[in-house]
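The values are calculated or read from the model by the stated rules, or taken from the named source; none is laboratory data. As the structure is a computational prediction, the values presented were derived from the model and not from experiment. With ideal geometry, Cβ positions are generated from the backbone for all residues, glycine too; neighbour counts draw on all protein chains shown.
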Amino acid sequence: MATADYIIPRASIVLATMAAAVIVLSGAHAVRDILGPVLLALVVAITAQPLRQWLNSYLPSALAATACIVAIVLVLGGLALSILLAIARFGSLLGDYQEQFQTLILGTVERLKDLGVSEEAIAQVASSLDFGKLAAFFLDVLGGLAGTMSSFAFVLALCLFMTIDASGFGKHLERLRDERGPLVTALMEFGQGTRRYLWVSTVFGLIVAVLDAIALQLLGVPAPWLWGLLAFLTNYIPNVGFIIGLIPPAILGLLEDGPGMMIAVIAIYSVLNIVIQSGIQNKVVGDSVGLSVTITFVSLVFWSWILGPIGAILAVPLSLLVKALFVDADPGNRWLSPVIANSDPGTASGAETAPRPA
């Protein structure tokens, strides 16, 4: 008597998949000091690929690769130097405001006494508002961004090798199109989506940075254009990057002219973030790469936990990579694309070229 084929329950498949994902993600978290720079170099190499292709049309392959690497060094070096300059400038400015900080603390204590707060509670508040601790805290927050460049030489070396290998990578993918058509299409869409995301973030980051710098200059906050530059750099961290860029000018506004200036700085940054970044930019990014606003925010939290500060910067590209490998590359999973993008099936990113499920 023939035995019936055993069908694995769907719940068992889901549980086994989740268990495997936990193991893989735990391993990625354990080696994030290596994996983070590798993924950063991959994104940089993908972003620089159009430049490499353009240089190939005018220069020999070796010279084109060299020129592309020089451009990458200049861009990454400029970003790292800008962050370090912002940290150093913020630290020096804080040192000039120690007297104003003590005056602010005394005024706060007096207001608390007028409100009837107990002496013990006031003493605890005053002891916690130590200027050195406060300055160290905010410098550590900014230092987290600079820490992403701590493996600068390693990232550049990886970019060099990836840029050299990229000259023939497209041809290798085309050879696989007949056998692995959906995978090839998904990987190409990942590269295009990553470049679109970085381009959109750069354009909107410049707009927000200029508006922030002009507003800070009108308010009288010290070094306004430096904080505008910081706002531009932190714009690459989706949704919450503006909060990091807000910290230095808000603190300096408080020390320069009291709570009124600090509230004005926070209000300006918040309005610009809600209107331009959270509204217009997120909509354009979602339409360009096929990720909803919710998925983008969850990606930020998730990849920050896995890879640290680098994960915050690479949250959207890494989510696009996961989407390409596990959704777009599998014809049976393409129905998930509109769900992830929160759009109609006909308008989801890549829907026009997606192979129909068998």
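Note on segment 39-66: residues that are part of a helix (DSSP H, G or I), surrounded by fewer than 17 Cβ atoms within 10 Å (Cβ to Cβ) and not hydroxyl-bearing (Ser, Thr, Tyr) amount to 7.
Screening the candidates Pro222, Pro249 for the property of being surrounded by 21 or more Cβ atoms within 10 Å (Cβ to Cβ) and within 16 Å of Ile87 (Cβ to Cβ) yields one hit, Pro249. Regarding segment 12-35, can at least one residue be identified that is of a type in the set (Lys, Arg) and at pLDDT 85 or above? Scanning segment 12-35 turns up at least one residue that is of a type in the set (Lys, Arg) and at pLDDT 85 or above.
If we scan segment 194-207, do we find a residue that is over 16 Å from Ile46 (Cα atoms) and crowded, with 20+ Cβ neighbours inside 10 Å? So far as segment 194-207 goes, yes, one or more of its residues are over 16 Å from Ile46 (Cα atoms) and crowded, with 20+ Cβ neighbours inside 10 Å.
Counting only residues that are part of a helix (DSSP H, G or I), among the polar types (S, T, N, Q) and in contact (Cβ under 8 Å) with a residue 60 or more places away in the chain, segment 198-247 holds 2 of them. Screening Leu321 with (1) surrounded by 15 or more Cβ atoms within 10 Å (Cβ to Cβ); (2) out of contact with any Phe, Trp or Tyr (no Cβ under 6 Å at 6 or more places or on another chain) gives one miss only, at (2).
At least 3 residues being modelled with pLDDT of 75 or more and out of contact with any helix residue (DSSP H, G or I) (no Cβ under 6 Å at 6 or more places or on another chain) is the threshold, and among the helices (runs of 4 or more DSSP H) wholly inside segment 285-358 those reaching it are 293-307.
When residues of segment 308-333 are filtered for being under 21 Å from the mean Cα position of the chain (by Cα) and in contact (Cβ under 8 Å) with a residue 12 or more places away in the chain, how many remain? Working first, answer last.
We begin by selecting, within segment 308-333, every residue under 21 Å from the mean Cα position of the chain (by Cα); these are 308-325.
Checking which are in contact (Cβ under 8 Å) with a residue 12 or more places away in the chain leaves us with 308-321, 323-325.
Adding up the residues that qualify gives 17.
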